[in-house]
Amino acid sequence: YLYPHYRGGGDVRVAGNTVYDNTNNGIYLYVHNSYFNHNRYTIADNVVHDSGRGIYIDQDYSDVTVDVTGNEVYNSSEGIYFNMYHSYTVTALIADNDVHDNARGIYTYNNYRPTFNPIVTGNRVYNNTGEGMRFSTYNTQTSNVPDLSLNEVYGNGGTGIVCYATHAVNILYND
């Protein structure tokens, strides 16, 4: 559980861990009221399984950059979940992850006017009981424009890719 509050943060890296058997979340980043700093967080090369949410990023009143790369996430409710609030900018790279056997693979929810235009590339998202990838927004005042490329999305129980965007979206070369 990472909770940089107010003026906290900087460059933080969570890498090379095995995280499992947690009730609520495997890796949880809650960035709240860090609007004085633009912080960068990297969650990379972890194995996360048998947890409520595998990797959960929760942003509120903060400009933030988050890279979620090279992780394996399985047997969780959501494999990778971004939840964004309020009028700030979230820059995200979600790349080269292996997300499988969850209820939902990759899920983002954009609420109350944040700007969220993630680059989602090179992920394998498969055998989830629900949707493979879902990009949702609460209303049209938000900026939700994912760029999806070179992902393998297959064998999921629901729709492979669901995208509720506010502008044109690039969805290229996904299998």
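The values are calculated or read from the model by the stated rules, or taken from the named source; none is laboratory data. Since this is a predicted model, take the numbers as computed values, not measurements. FYI the Cβ positions are ideal-geometry reconstructions off the backbone, even for glycines, and counts take in every protein chain you see. Surface areas here come from the heavy atoms of the whole protein model, side chains and all, with no ligands, DNA or RNA. Shrake-Rupley method; radii C 1.70, N 1.55, O 1.52, S 1.80 Å.
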Query raised in the report: Just one of Asp67, Asp11, Asp63 is under 24 Å from Ala168 (Cα atoms), charged (D, E, K, R), at pLDDT below 95 and touching a strand residue (DSSP E or B) at 6+ places or on another chain (Cβ under 7 Å); which is it?
Result: Asp63
Report summary line: Restricting segment 138-153 to residues that are over 11 Å from Phe116 (Cα atoms) and among the hydroxyl-bearing types (Ser, Thr, Tyr), the one modelled with the lowest pLDDT turns out to be Thr140
Report task. Run down Ile119, Ile106 and say which single residue is open to solvent by less than 50 Å² (accessible area, probe 1.4 Å), of a type in the set (A, V, I, L, M) and either under 19 Å from Val12 (Cβ atoms) or at pLDDT 90 or above (or both). Result -> Ile106
